[in-house]
Amino acid sequence: MKRIVLAGVVALLSFIAAQTSFAQVQVGIRGGANWGFASKPDYLGSLTPAFHPTAGPTGAIFLDIPLSDRVSFRPEVAYVQKGVAIKQSFDINLGGLNLPLGATVAYQSQQIEVPLLAKFNLSDGAVQPYVIAGPSVSYALDGRIRTRATALVTTQPIDVDVDYGGTLSRWDAGAVGGLGLAMDAGAGKVFVEGRYTHGFTRQIQVPVVNVNVRNRGLAVSLGYSFPIGY
């Protein structure tokens, strides 16, 4: 089995090297915002509050390796903040005056993510739309539970560090899909991109009970890529 895997890797690298002879490999960076959220187990229903997105930064460096005139291989090393928020609110009547009270509890995880994407260029015009898709794997460097209370004012957040390795999983395997628009800019290209990430790994590991909480994410990025050796 190891020989088969090694032979497949060598064949893939040879194919990439052969295909890149007619177009230059590009290196690029991108940065933007990610709105992380999570799936909610159906059986919980109305027993628990709704899950809400949490906004955080994301950024990446990547290679764009041509495989044909329209298709390229795009491996990335990215930073992304994932997580989910739970919000609860209610009113207290004080002498006919309604006083709104509430709290937000957010789980925020700082992760290194490695997407291995195929990029499909749809046009060669001045504006070049493209599609990206492929698998990804990520690892949580650290995480926190951030709590804020609200009444007439919003309190300062209270942070509690997450202890991974027990109930919460550090690893997450998923899939990425997205759309982008690129334009020529000097020697390289400037682009804007939107993507959706769908996690497959259960983030809460509880014996016996199947807690189907999986990461999801919507991200918008702005970036620039240029040929290596320019």
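The values are calculated or read from the model by the stated rules, or taken from the named source; none is laboratory data. Values in this document were obtained by computation on a predicted structure and should not be read as measured data. Glycine also receives a Cβ, built like all others from the backbone with ideal geometry; neighbour counts cover every protein chain displayed.
Of the numbered criteria (1) at pLDDT 95 or above; (2) assigned to a loop (DSSP other than H, G, I, E, B); (3) basic (K, R), the one R195 fails is (2). Residues in segment 68-93 that are in contact with a Phe, Trp or Tyr (Cβ under 9 Å, 6 or more places away or on another chain) and modelled with pLDDT of 95 or more: V71, S72, R74, P75, E76, V77, A78.
In segment 118-174, what residues are of a type in the set (V, I, T), out of contact with any Phe, Trp or Tyr (no Cβ under 9 Å at 6 or more places or on another chain) and closer than 28 Å to G194 by Cβ?
V127 - this is the single residue of segment 118-174 that is of a type in the set (V, I, T), out of contact with any Phe, Trp or Tyr (no Cβ under 9 Å at 6 or more places or on another chain) and closer than 28 Å to G194 by Cβ.
Here Q128 passes the criteria (1) in contact with a Pro (Cβ under 7 Å, 6 or more places away or on another chain); (2) in a strand (DSSP E or B); (3) of a type in the set (S, T, N, Q); (4) modelled with pLDDT of 85 or more except the one numbered (1). Figure legend. Inter-residue proximity from segment 114-133: first residues surrounded by 13 or more Cβ atoms within 10 Å (Cβ to Cβ), second residues in a loop (DSSP other than H, G, I, E, B), beta-carbon distance below 7 Å, spacing 6+ or different chains. Indicated pairs: F120/R70; N121/R70; P129/L122; P129/S123; Y130/L122; V131/L122. Does at least one position in segment 139-147 carry a residue that is modelled with pLDDT under 95, in a strand (DSSP E or B) and among the small types (G, A, S)? Looking for residues that are modelled with pLDDT under 95, in a strand (DSSP E or B) and among the small types (G, A, S), one finds at least one in segment 139-147, hence yes.
Any residue at all in segment 178-200 that's of a type in the set (S, T, Y) and in contact with a Gly (Cβ under 6 Å, 6 or more places away or on another chain)? Give the steps one after another, and end with the answer.
Let us first name the residues in segment 178-200 that are of a type in the set (S, T, Y), namely 196-197.
With the extra rule that they be in contact with a Gly (Cβ under 6 Å, 6 or more places away or on another chain), the set shrinks to 196-197.
Yes, that holds for at least one residue.
Just one of the numbered conditions (1) closer than 30 Å to L222 by Cα; (2) modelled with pLDDT of 50 or more is not true of S14: (1).
In segment 158-190, the qualifying residues are those that are of a type in the set (G, A, S) and either assigned to a loop (DSSP other than H, G, I, E, B) or touching a helix residue (DSSP H, G or I) at 6+ places or on another chain (Cβ under 6 Å) (or both), and the one that is nearest to D64 (Cα to Cα) is A187. Among the residues examined, A118 qualifies as under 30 Å from A185 (Cβ atoms), within 19 Å of the chain's Cα centre (by Cα) and at pLDDT 90 or above.
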